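See structure below.
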Amino acid sequence: MLSLYKNDYSEKEVHLPLQIDASMLLRYVEALGSIGWQAEGGIVRPVYSAAWVQAREQLAEWMRAAGLDVREDSVGNLFGRLRGVDESRTILTGSHLDTVPLGGKFDGALGILAGLTAVRSLREQAGQPRRSLEVVALCEEEGSRFQAHYWGTRGILGLIQADELERLRDDQGMTIAEAMRAAGLPPERYREAVRRDLDAFVELHIEQGRVLFDERVDLGIVQAIVGLQQRWVIVRGRADHAGTTPMDLRRDALQAAAQMAVEITRLVEQEGRPAVVTLGKWEVKPGAVNVVPDEVSFSIDLRHPEEESKQRLAAAIRIRCEAIAQERGLAVSSEIASDSPPSSMDPALQSVLIQVAEKCGASWRAMPSGAGHDSQEMARHLPTAMLFVPSVEGRSHSAAEYTTPQDAARGATVLATALYQLAY
Ligand code: GLV
Ligand code: MN
Ligand code: MN
């Protein structure tokens, strides 16, 4: 179905759906995916690292070549802007540039690059928009370096707390303020990132699960993003000699933590879908073959689409860990690293995406997101919507992550056409 529109502002005749340059989108994905790529496979591109800086420089160059005005804000988000007739209001699209350790080429990156391709096509085919259109590369969505989830988005929304700058440290002990300074961003100016001109945020992202792939559906329109609590647990026992300390006299922090891991997993398995828990990061001290471990720390990532169920499970986990520590004569403490309630996407924007998907002849389904996204924070403050494209076999947070060129291009076409509806 093709419709013809007239852009009153630029006097251009616009054909919908917009045509996007699919081969350029794929070249962008491959080129960006090579920045931070490791010999063993997968990308390491933590926020404010050399690879992250290099990726931003490459993106800025592509944005300029697309005819956009390029700007970075004080926390490190990068913007490419197509100025509207009314410059005071902006429609924003994009996603995050940082990756998880050894992550894939598509998580976050595809949303930025589809946005860039879409805005480039809009500039060429539709001319100047009524409201400004911007594509953004957001920073530290994953929290992989500083556990500072949605840092760039929180900067834009004015949600960064001053004490975080000196409190948040990476594994090397560097504070986030020091890392910002090293990347050329004066941390004391973090408040300058706040925006008050945003009318909407639309994020394209890979699904990272296998619903669309299994059902052979082209697009997911996200209704809500699950709630997520991340907690850091520390178990403290006593270091002893591995050869001379009888098993019944040990206070082995790892044995206690291992029992906690088994029981946490059992609790969440008993709860059943859609509850999920992951214990993905561990530290064992002193970390020697012949020493009984005296301190073990591990992370808990607990997700559920209903806040009440998430909090009930979190409480049950805490009580179980305390009981295990007591039975074994050890101490356990835990600290919440982040806790976000579920977040609903804007119904009117969901309708726009659905109408556009149908106009483009794409099949779609409404669905929740089990992964966290910048959109969940945006949605609490401005109208926000998410568009999912299929992930082959649902693989993500791994080098095996893949979205077919057809699916990526279809998503970018729907995104471009939706941005046209919103900004022209
Ligand atoms: C982000 O990718 C998350 O869901 O952890
Ligand atoms: Mn991710
Ligand atoms: Mn992501």
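Values in this text are rule-based calculations from the coordinates and carry no lab data. These figures come from a predicted structure and were not determined experimentally. A quick note on method: Cβ atoms are made from the backbone with ideal geometry, for glycine too, and the neighbour counts reach across all protein chains shown.
Here are a few things to note about the model shown:
- What separates the Cα centres of region 111-143 and region 234-272 is a distance of 49 Å.
- Where N is the number of residues in region 77-136, Cα Rg divided by 2.2 N^0.38 Å: 1.25
- Averaging Cα coordinates gives a centre for region 60-98 and one for region 339-400; these two points are 21 Å apart.
- Percent of Cα-Cα distances greater than 17 Å, calculated over region 34-88: 48
- Column: log10 I(q)/I(0), Debye, Cα scatterers of region 131-235, q = 0.14, 0.23, 0.25 Å⁻¹: -0.75, -1.33, -1.45
- Reference-scaled alpha-carbon Rg (2.2 N^0.38 Å with N residues) for region 169-214: 1.88
- For the chain, the longest principal axis of the Cα atoms and the long axis of helix 109-126 meet at an angle of about 10 degrees.
- Computed magnitude of the charge dipole of the chain (debye, nearest 20; Cβ of K, R +1, Cβ of D, E -1): 220
- Positive-end residue of Pro129, Gln161, Leu113, charge dipole of the chain with Cβ unit charges: Pro129
- Orientation-averaged projection of region 183-338 equals 14.9 nm² [convex hull of Cα atoms, one quarter of hull surface area].
- Listed peptides 244-252, 57-65, 71-79 appear in the order 71-79, 57-65, 244-252 once ranked by packing, highest mean of other Cβ atoms within 10 Å at the front.
- Neighbour counting of Cβ atoms within 10 Å sorts the residues Ser351, Ser132, fewest neighbours leading, into Ser351, Ser132.
- For the chain, share of DSSP beta bridges that run antiparallel, in % to the nearest 5: 70
- Size check on region 259-403: the Cα extents along the three principal axes, sorted descending, read 65, 34, 28 Å.
- A simple spin-label model places the labels of His381 and Arg181 2.6 nm from each other, with each point 7 Å out along Cα-to-Cβ.
- With Cα atoms, 0 to 90° folded angle of helix 405-423 axis to the chain main axis: 60
- The convex hull around the C-alpha trace of region 360-424, projected and averaged over every direction, spans 5.6 square nanometres.
- Ordering Gln38, Thr404, Trp151 by Cα displacement along the dipole of the chain toward the positive end leaves Thr404 in first place; charges were set at the Cβ atoms of Lys, Arg (+1) and Asp, Glu (-1).
- Taking other C-beta atoms within 10 Å as the exposure proxy, His15, His96, His149, His241 rank His241, His15, His149, His96 from fewest upward.
- Principal axis dimensions, largest first and in whole angstrom, of region 1-137 by Cα: 51, 35, 20
- Annotation: the residues Glu322, Glu142, sorted from fewest to most other C-beta atoms within 10 Å of their own C-beta, follow the order Glu322, Glu142.
- Taking the average, over residues, of other Cβ atoms within 10 Å as the packing measure, peptides 224-235, 413-424 rank 413-424, 224-235 from highest down.
- Rounded to the nearest angstrom and listed largest first, the equivalent-ellipsoid semi-axes of the chain from its Cα gyration tensor are 43, 23, 19.
- Approximating the spin labels as points 7 Å out from Cα along Cα→Cβ, the Arg266-to-Trp282 distance works out to 1.8 nm.
- Distances between every pair of Cα atoms in region 107-178, grouped in 10 Å steps from 0 to the bin holding the largest one, split as 18, 36, 25, 16, 6 percent.
- Reciprocal mean inverse distance between Cα atoms of region 75-194 - Kirkwood radius, Å: 15.4
- Most fluctuating residue given options Met378, Met367, Met24, as computed from a GNM of the chain linking Cα atoms under 10 Å: Met24
- Estimated inter-spin distance, Ala331 and Ser309, nm [label 7 Å along Cα→Cβ]: 3.7
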